[in-house]
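What follows is a set of notes on a single structure, which appears directly below.
The values are calculated or read from the model by the stated rules, or taken from the named source; none is laboratory data. Values in this document were obtained by computation on a predicted structure and should not be read as measured data. When we count neighbours, we look across all protein chains shown, and the Cβ atoms used for this are built from the backbone with ideal geometry, even at glycine.
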Amino acid sequence: MPVHVAVAVIVNSNSEVLIALRHKDQHQGGLWEFPGGKLESQEYVHDALSREIKEELGLQIMQSRPLIKVAHDYGDKSVFLDVWLVTEYLGQPKGCEGQSLRWCAIEALKTEEFPAANVPIIAALKNAIINCRFNEIR
């Protein structure tokens, strides 16, 4: 049974995305990721997204919409990523769980620095820029 994860692609006014460094002791530790976390039993995806982003980053999501869904099997773990584009939020992001954070230009995202399940997310973001649709996404 795949782990259902709500994932936020948080975009700032400079069209940069917020990424977080996974702790070394986590699955796929030491790699960058888009923030988010597992859904609790009977929890709606958007509720989980809001809860996780508040807990992890101290942000309140004001506007978001579905971006992409990704199923991936690592061999030792399967995940289903329910990815949302967050275009408006309140607060300044901070690593509330001790994780490092950074803003990164979308075109500078390097797939080898992310877990394999994040590669389709990066591709979707880069494709939106190439097709001049990113402002439509925002």
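Some observations on this one:
- Considering (1) more than 21 Å from Arg102 (Cα to Cα); (2) outside any helix (DSSP H, G or I); (3) charged (D, E, K, R), the lone condition that Asp25 does not fulfil carries the number (1).
- Looking across segment 8-31, the residues that are hydrophobic (A, V, I, L, M, F, W, C) and either farther than 14 Å from Ala116 by Cα or modelled with pLDDT of 95 or more (or both) come down to Ala8, Val9, Ile10, Val11, Val17, Leu18, Ile19, Ala20, Leu21.
- Segments classed as strands (runs of 3 or more DSSP E), wholly inside segment 58-119, with at least 1 members that are more than 20 Å from Tyr44 (Cα to Cα), of a type in the set (A, V, I, L, M) and in contact (Cβ under 8 Å) with a residue 12 or more places away in the chain: 78-90, 101-105
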